[in-house]
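Worksheet: one structure, shown below.
The values are calculated or read from the model by the stated rules, or taken from the named source; none is laboratory data. Because the structure is predicted, anything quoted here is derived from the model rather than measured. Neighbour counts run over all protein chains shown; Cβ positions are idealised from the backbone, glycine included. Protein only, heavy atoms only, side chains kept; ligands, DNA and RNA dropped before computing areas. Shrake-Rupley method; radii C 1.70, N 1.55, O 1.52, S 1.80 Å.
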Amino acid sequence: MLCTSAVDRIWNSDQLQIWPTRVFILSVMSAFLCLSLWQVWLLPLRTFPRQNHSQPFPPSAGGAGLPNSVYDLHRETMQTLRRHQFPPSCHAPGQRFLVADDYTRAGFGSAMWFWRGCLVLALNENRVMVASEKRTRAAFMEHWSSCTKCDAERAAESSQDPLVIKRCEWGTPAWTGQTLPEVFKHLGHFWWFVHGFAFLAQPRATFVKDLGEVASLHVRRGDKVREAAIIPVRFYLADLEAALPNFTTRTVLLVSDEPENVKAEAEQSFVSNRNVTFDINITKAPEGRSRYWSETDDHDIAHDLGLLQVGEPIALSLTTNFGQVGMSLKIAADLRSRRPGTVVLTNPTIFSSNYRLVRNASTPLGVELTFGNPECHNDDYASMRASEEGPCCNKPLTFAW
């Protein structure tokens with residue numbers, strides 16, 4: 001009451017009866033209140049400018065986790081792909097489409113290479129990539145787009161423009177992996193290598209389970225022995241062991257097209273030198289495995305990809321396309337969850353050493369694909385690994401984030 005009375009007396013005094021004086025005082029008080037509101041309530045909620053990711057990235061932190069900018073970069077990359085493939089409307093004027101053909105020439109991994117090449121064309125030509133109606137094999141994967149081939153055909157009919165639809169057929173130059181989407185070009189080949197696979201091959205959540213502290217090992221045999229040198233299992237285990245700390249017990253989930261043979265080879269050849277104990281397990285899908293990709297073994301593929309995705313670390317060879325997809329899903333899952341991870345590559349080459357993964361500290365993950373390397377057709381992996389120089393030198397590569 002005393003304060004209120006004092007204010008009333010001052011306000012009603014003769015000196016403040018002049019109107020301009022009152023206006024001045026009210027203006028000063030309003031400015032003071034606005035400043036207080038800004039400092040106390042609004043300033044903590046301000047939005048900081050986003051980091052420019054076009055600049056070179058720091059090297060990986062060797063298992064201690066990546067800078068927040070790289071985790072954010074993964075999220076932005078996947079969001080960019082999703083915005084492109086899931087437009088607000090599939091019937092908007094000017095919407096264009098790329099129809100990706102079915103792929104029946106080889107297995108799942110080769111199909112992923114082809115479809116990733118189609119996605120490059122779709123991004124660079126501002127088209128939404130949709131699947132052909134014949135492609136029934138990927139029922140276990142998340143949808144690529146909210147649009148369908150029917151939407152593309154309706155858009156072409158209504159616009160009377162033959163350029164609304166374009167087909168992506170086998171033989172497109174983009175399938176080789178050397179062509180990049182312009183929007184991601186500054187991030188390098190390996191970043192797109194991983195995220196293109198991760199977007200297209202992501203299994204539905206029902207297939208991915210948390211199995212605790214386990215490692216994953218992918219060993220490809222079968223008909224792959226005609227295309228690449230056979231890698232004895234002892235090399236995979238030695239490289240996996242080197243990536244783990246001493247006095248470690250780790251369950252290894254084995255994914256292979258010949259799991260029983262590979263497990264027997266592992267049990268015969270493994271000798272521990274660093275107090276690391278492995279328990280090699282074969283976890284089969286309920287229907288068992290099929291040797292070739294068909295409509296009946298989608299569940300097996302999803303099951304195996306799920307095992308590769310949850311392992312820490314994951315060990316594999318880049319000579320197999322299926323392993324490349326599993327590795328990409330594991331990297332994407334770790335980045336999405338902002339957790340560190342490790343990839344152990346017993347053979348870091350693709351296509352007979354023509355493509356090779358090497359260290360490059362200026363890239364987001366600290367490694368990058370190189371092209372045009374001399375091809376090595378040596379069928380003896382042990383000699384390739386023992387070589388100290390030349391095109392047949394094939395040392396293992398481990399990288400972490």
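For (1) within 19 Å of the chain's Cα centre (by Cα); (2) farther than 30 Å from ASP257 by Cα; (3) of a type in the set (Ser, Thr, Tyr); (4) at pLDDT 90 or above, each residue gets a yes or a no:
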{"position": "ALA61", "(1), (2), (3), (4)": "yes, yes, no, no"}
{"position": "ARG75", "(1), (2), (3), (4)": "yes, yes, no, yes"}
{"position": "MET78", "(1), (2), (3), (4)": "yes, yes, no, yes"}
{"position": "LEU81", "(1), (2), (3), (4)": "yes, yes, no, yes"}
{"position": "LEU98", "(1), (2), (3), (4)": "no, yes, no, yes"}
{"position": "PHE114", "(1), (2), (3), (4)": "yes, no, no, no"}
{"position": "ARG127", "(1), (2), (3), (4)": "no, yes, no, yes"}
{"position": "SER145", "(1), (2), (3), (4)": "yes, yes, yes, yes"}
{"position": "ASP151", "(1), (2), (3), (4)": "no, yes, no, yes"}
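One residue is enough: does region 380-396 have a residue meeting the conditions within 24 Å of the chain's Cα centre (by Cα) and either modelled with pLDDT of 85 or more or open to solvent by less than 50 Å² (accessible area, probe 1.4 Å) (or both)?
yes
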Within region 243-268, of all residues that are in contact (Cβ under 8 Å) with a residue 40 or more places away in the chain and more than 25 Å from the chain's Cα centre (by Cα), the one farthest from ASN347 (Cα to Cα) is ASN261
Among the residues of region 82-132, the number that are under 15 Å from GLY196 (Cα atoms) and hydroxyl-bearing (Ser, Thr, Tyr) is 1
Can you confirm whether region 219-236 contains a residue that is buried (at least 19 other Cβ atoms within 10 Å of the Cβ) and modelled with pLDDT of 90 or more?
yes
Within region 302-344, residues at pLDDT below 90, open to solvent by less than 10 Å² (accessible area, probe 1.4 Å) and over 19 Å from THR251 (Cβ atoms) come out as ALA302, THR320
The residue that is nearest to GLN324 (Cα to Cα), considering only those in region 165-182 that are open to solvent by 70 Å² or more (accessible area, probe 1.4 Å) and at pLDDT 70 or above, is GLN178
